[in-house]
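Peer 1: Below is the structure I would like to discuss, written out as structure tokens.
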Amino acid sequence: MLELYYKVTNEKLEDYKHGNPKHLGQTSTPPHAAVSMEVPLKRLAPTTQYGSGARSFKKHAAVATLLRVFLFETAVTGVIVMVTSKETKQIPVAPGVVISKSAKFSYSPAYVYYVTSMSVAVLYSFITSVISVLALMKPGGNSAKLKFYFVILDLLLLGIVAAATEASGAVGYIGLKGNSHNRWNKICDRYVSYCLHIGASIFLSSIASVTLLLLVWLSVYALYKKIARR
């Protein structure tokens, strides 16, 4: 009995020296407990990541909505300025003979195309602005599918508005500078107000084109960030 008692006592002393909690009344943490503590943390990490991704996606949608409202205002102003571009002058054609000549946007096919294209931009920007606002108000409304549709339509409208801007700018440059090789006389030295309206309209359509380009870039970037998180 004494030998058994000394043997158990020696084992306890050895365990105490080596820091082993065995036989000392301490309970060691089972290996599976550490695993069970880490698993919930690893499961919560993707949820937090997806939550920040959703907030970022909604922020991009809010910026895009503001750009669409700005596009609507720019397009409306451009159409109004172009439509009101009319000026009448008394042009002398002979000594003592004066005729009345008017300059209107409807006399140029390029300007008619401008008004048509910008009117399409007005209607499109109004509809997409309303859809974007409703999507922001609705939980989960800003889906990747909606962004994809916007990218396609924004690219199509960008081509239309850019073409109208280039055509109007070419005709406006001839009216400003003329073309001596083709015997096209400049008219902006006489129709000053008319040419100012044309120049302001072309400037506004250029801003609309840049706004559409920003919308395309923003939508593509938002879709890229959403796909990269998956």
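Peer 1: Cα convex hull of segment 140-230: how many Å³ per residue? Before the final figure, lay out each step's value.
Peer 2: Details: hull volume 9.1 nm³, N = 91.
Dividing the Cα hull volume of segment 140-230 by its residue count gives 100 Å³.
Peer 1: Using a 1.4 Å probe on the protein heavy atoms, what percent of the accessible area of segment 92-230 belongs to carbon and sulfur? Could the numbers behind the result be given before it?
Peer 2: Numbers: 5740 of 8260 Å².
Ligands and nucleic acids excluded, carbon and sulfur reach 69 percent.
Peer 1: I need the per residue convex hull volume for segment 71-151, using only the alpha carbons, in cubic angstrom as a whole number.
Peer 2: For segment 71-151, the hull spanned by Cα atoms encloses 79 Å³ per residue.
Peer 1: Then there's this: Could you sort the peptides 150-162, 198-210, 182-194 by per-residue average Cβ neighbour count (10 Å cutoff), highest mean leading?
Peer 2: The densest-packed peptide leads the list: 198-210, 150-162, 182-194.
Peer 1: What's the tally of Lys pairs in segment 92-199 whose alpha-carbon atoms lie under 22 angstrom apart, where the two lysines are 8 or more places apart or on different chains? Could the numbers behind the result be given before it?
Peer 2: Working: Lys101/Lys177; Lys101/Lys186; Lys104/Lys177; Lys104/Lys186; Lys138/Lys147; Lys177/Lys186.
Close lysine pairs found across segment 92-199: 6.
Peer 1: Further question: Give me the 1.4 Å probe accessible area per residue for segment 134-230, excluding ligands and nucleic acids, in Å². Don't skip to the answer; put the middle values down first.
Peer 2: Working: 5950 Å² over 97 residues.
I get 61 Å² per residue for segment 134-230.
Peer 1: Now for a different question. Using all alpha carbons of segment 82-123, what is the percent of pairwise distances in each 5 Å bin, ordered from the shortest bin to the longest?
Peer 2: Pair shares across the bins are 6, 20, 19, 16, 12, 10, 8, 4, 4, 1, 0.
The values are calculated or read from the model by the stated rules, or taken from the named source; none is laboratory data. These numbers come from a predicted model, not from an experiment. Neighbour counts are summed over all protein chains in view; Cβ atoms, including those assigned to glycine, are modelled from backbone coordinates with ideal geometry. Quick note on the areas: whole protein, heavy atoms, side chains included, nothing else; ligands and nucleic acids left out. Shrake-Rupley method; radii C 1.70, N 1.55, O 1.52, S 1.80 Å.
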